[in-house]
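J.: I have a structure I would like to understand better, so I am pasting it below and will then ask my questions one at a time.
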Amino acid sequence: MSEKNDFYNKNPQIWEMTERVKKLLLEQYHHPAVFIKTYGCQQNVSDGEKIKGLLASMGYEFADSPENADLVLFNTCAIRENAEVRVFGNVGALKPIKSRRKGMLIALCGCMMQQEIVVEKIKKSYPYVDIVFGTNALQQLPEMLLRRLSGEKRQFDLDGRDGSIIEDLPLCREEGIKANLPIMYGCDNFCSYCIVPYVRGRERSRKLEKILEESRQLVDTGYKEITLLGQNVNSYGKGLDGSVDFSCLLEEMNRLDGDFRIRFMTSHPKDCTEKLIQTIARCEKVYPHFHLPVQSGSNRILKQMNRHYTIEKYLSLIDLARKWIPDVTFSSDIIVGFPGEIRQDFEDTLSLIRQVRYHTLFTFIYSPRPGTKAAEMEDPVPAEEKSAWFQELLDVQSQIRGEIQEAMIGQTVRVLADGKGKSGEGWLSGRTPANDIVEFIGTQEQIGNFVDVKIDRALNWALFGHTA
Ligand code: 5AD
Ligand code: SF4
């Protein structure tokens, strides 16, 4: 990993700092090791892969716990308050470990670090944190480490940059079957509850050629599933030269040779078009699955959320997708207890999910995020009532999912076998196009390949079957 790739060729000063860090590490530690923990979404996981790539170039090995690490790095998430509370708890737990381990450094990055109040708190209450950097400052890591290892004061790099895309950073990917591929960064939508536009900046798309080049490499190295990532993939291409859009990207990806499949997330309903649906219908390598977050079933709440669609428009998209793609499946995100949501709004959400029948729902209780519009809104509903609604939502969805799973019995589905199953010796695990888990009896050689599985049995968390 420490070879000098294109990124370092284009940034010789970063390469020089990388080399100097490497030298210092060898002087100061026996086997320099880093423990990295990433919180939150796939975008963060993807950033984590770049951070790992940079650290590997500097000579770090990877440790499996903070106790065995010379550098502990938390790549944080700010989407809900409980994510932040967890990070602060885990940073607190590092203090005694650091005091026992001479020379240990602590670095914090990711979305939380883009918030002033968080950084102030770290400056004041966590003096043993050495390095803090924001989501647009990954490439600064060699310089910050170099300074800190050379005995300078603790380092803070909190943006100020325009957020232009840095290409060709070295990468340490998670595993050999599935890869995340960011196609765009940031978000311009400013949904009233959401912190993302504040911590990840304005929406910007990667160049089509860069995405295709990376996809080609992934397929050539044997990856079987590529997930295209963006906060709103449907608006991919905005701001790029020419007429490239998400449909065009999918068409081009679909044209690449090789036995692989394409996922994408997240789709914003306001930018989902019939053209895109028809493209997905046509492209055999694109899974017929939409993660299409609706957030609420109430038009009144959707307006307050600044979502720019109505339930009628949303349902017409679902109908269109079902018309063009007969085997299409859907998943969604739902927020319960948005400020001012009343029982009737919540019941509208229940009725929507009964109508759409999502394979999977990602459900959240509303969490106020300082600086967002919704955090200023009146929120009279008590937390206990929101929790009761939340439980009700889970129960309704659990029944719908049970029925969907049950209906799969007797069907044959193509799954990507991704590892050993949980059901005992000889069982493998795989995922369907809808990303549902399937366990089946198979052979080691099938791992990493597509396998046709006939479903015999269904539970809520998984389907069970045998090779067809
Ligand atoms: N509170 C609760 N859930 C939220 N999400 C985003 N912001 C908040 C918030 N403040 C949810 C949305 C989004 C998903 C990634 O997280 O449902 O689609
Ligand atoms: Fe947040 Fe809305 Fe952007 Fe999604 S589209 S990241 S919910 S602001």
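J.: Starting from the range 359-376, take each residue that is modelled with pLDDT of 95 or more and list its partners that are part of a loop (DSSP other than H, G, I, E, B) and of a type in the set (D, E), counting only C-beta distances under 7 angstrom and pairs at least six apart or across chains.
T.: H359/D436
J.: Could you look through the range 190-205, keep only residues that are assigned to a loop (DSSP other than H, G, I, E, B) and buried (at least 20 other Cβ atoms within 10 Å of the Cβ), and pick out the one that is farthest from ligand 2 (Cβ to nearest atom)?
T.: Keep residues of the range 190-205 that are assigned to a loop (DSSP other than H, G, I, E, B), which gives 190-195, 201-203.
When the remaining residues are screened for being buried (at least 20 other Cβ atoms within 10 Å of the Cβ), the result is 191, 193-195, 201, 203.
On the way: C191: 3, Y193: 7, C194: 3, I195: 8, G201: 11, E203: 8 Å.
So, considering only residues that are assigned to a loop (DSSP other than H, G, I, E, B) and buried (at least 20 other Cβ atoms within 10 Å of the Cβ), the one farthest from ligand 2 (Cβ to nearest atom) is G201.
J.: While we're on this one: Looking only at the range 35-56, how many residues end up being in a strand (DSSP E or B) and in contact with a Gly (Cβ under 7 Å, 6 or more places away or on another chain)?
T.: Pass one, the range 35-56, residues in a strand (DSSP E or B): 35-38.
Right, trim to in contact with a Gly (Cβ under 7 Å, 6 or more places away or on another chain) and you get 36, 38.
Number of matching residues: 2.
J.: Kindly establish whether G40 is over 18 Å from the mean Cα position of the chain (by Cα), touching a residue at least 24 places away in the same chain (Cβ under 8 Å) and on the phi > 0 side of the Ramachandran plot.
T.: Spelling it out, it is not the case that G40 is over 18 Å from the mean Cα position of the chain (by Cα), touching a residue at least 24 places away in the same chain (Cβ under 8 Å) and on the phi > 0 side of the Ramachandran plot.
J.: Moving to a separate point now. Quick one: L315 ticks every box in (1) over 30 Å from I177 (Cα atoms); (2) surrounded by 18 or more Cβ atoms within 10 Å (Cβ to Cβ) bar one, so which box is it?
T.: (2)
J.: Right, next: Only one of these is away from ligand 1 (no atom under 16 Å from the Cβ), in contact with a helix residue (DSSP H, G or I) (Cβ under 8 Å, 6 or more places away or on another chain) and of a type in the set (D, E, K, R): R369, R322, R300, R307. Name it. Spell out the reasoning first.
T.: Numbers: R369 fails: away from ligand 1 (no atom under 16 Å from the Cβ); R322 fails: in contact with a helix residue (DSSP H, G or I) (Cβ under 8 Å, 6 or more places away or on another chain); R307 fails: away from ligand 1 (no atom under 16 Å from the Cβ).
Among R369, R322, R300, R307, only R300 is away from ligand 1 (no atom under 16 Å from the Cβ), in contact with a helix residue (DSSP H, G or I) (Cβ under 8 Å, 6 or more places away or on another chain) and of a type in the set (D, E, K, R).
J.: Among the numbered criteria (1) closer than 23 Å to G258 by Cα; (2) buried (at least 17 other Cβ atoms within 10 Å of the Cβ); (3) in contact (Cβ under 8 Å) with a residue 60 or more places away in the chain, which one does V453 miss?
T.: It is condition (3) that V453 fails.
Each row is one residue, and each column tells you yes or no for (1) modelled with pLDDT of 95 or more; (2) more than 16 Å from ligand 2 (Cβ to nearest atom); (3) surrounded by fewer than 20 Cβ atoms within 10 Å (Cβ to Cβ).
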{"residue": "K23", "(1), (2), (3)": "yes, yes, yes"}
{"residue": "Y29", "(1), (2), (3)": "no, yes, yes"}
{"residue": "A33", "(1), (2), (3)": "yes, yes, yes"}
{"residue": "L54", "(1), (2), (3)": "yes, yes, no"}
{"residue": "F62", "(1), (2), (3)": "yes, yes, yes"}
{"residue": "G89", "(1), (2), (3)": "yes, yes, yes"}
{"residue": "P96", "(1), (2), (3)": "yes, yes, yes"}
{"residue": "I106", "(1), (2), (3)": "yes, yes, no"}
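J.: Go through the range 231-269 and give me each residue that's closer than 19 Å to C41 by Cβ and in a loop (DSSP other than H, G, I, E, B).
T.: Q231, N232, Y236, T266, S267, H268
J.: When you scan the range 278-286, do you find a residue that is within 16 Å of ligand 1 (Cβ to nearest atom) and under 23 Å from G230 (Cα atoms), even just one?
T.: no
J.: From S150, S205, S164, S125, which residue is more than 16 Å from ligand 1 (Cβ to nearest atom), of a type in the set (S, T, Y) and closer than 23 Å to M58 by Cβ? Step through it out loud before you land on a result.
T.: Details: S205 fails: closer than 23 Å to M58 by Cβ; S164 fails: closer than 23 Å to M58 by Cβ; S125 fails: closer than 23 Å to M58 by Cβ.
Of the residues listed, the single one that is more than 16 Å from ligand 1 (Cβ to nearest atom), of a type in the set (S, T, Y) and closer than 23 Å to M58 by Cβ is S150.
J.: Would you confirm whether or not the range 121-138 contains a residue that is among the acidic types (D, E), closer than 30 Å to G230 by Cα and either touching a residue at least 12 places away in the same chain (Cβ under 8 Å) or touching a strand residue (DSSP E or B) at 6+ places or on another chain (Cβ under 6 Å) (or both)?
T.: No, that holds for no residue.
J.: Pick from G53, G110: which is within 27 Å of the chain's Cα centre (by Cα), at positive phi and touching a residue at least 24 places away in the same chain (Cβ under 8 Å)? Please lay out each step first, then the result.
T.: Working: G53 fails: at positive phi.
That would be G110, the only listed residue that is within 27 Å of the chain's Cα centre (by Cα), at positive phi and touching a residue at least 24 places away in the same chain (Cβ under 8 Å).
J.: If a residue counts only when it is touching an Asp or Glu at 6+ places or on another chain (Cβ under 8 Å), which strands (runs of 3 or more DSSP E) contained entirely in the range 282-377 have at least 3 such residues? Give the steps one after another, and end with the answer.
T.: Working: elements: 289-291, 329-336, 360-365.
So the answer is 360-365.
The values are calculated or read from the model by the stated rules, or taken from the named source; none is laboratory data. These numbers come from a predicted model, not from an experiment. Methodologically, a virtual Cβ is constructed for each residue, glycine included, from the backbone with ideal geometry; neighbour enumeration extends over all protein chains shown.
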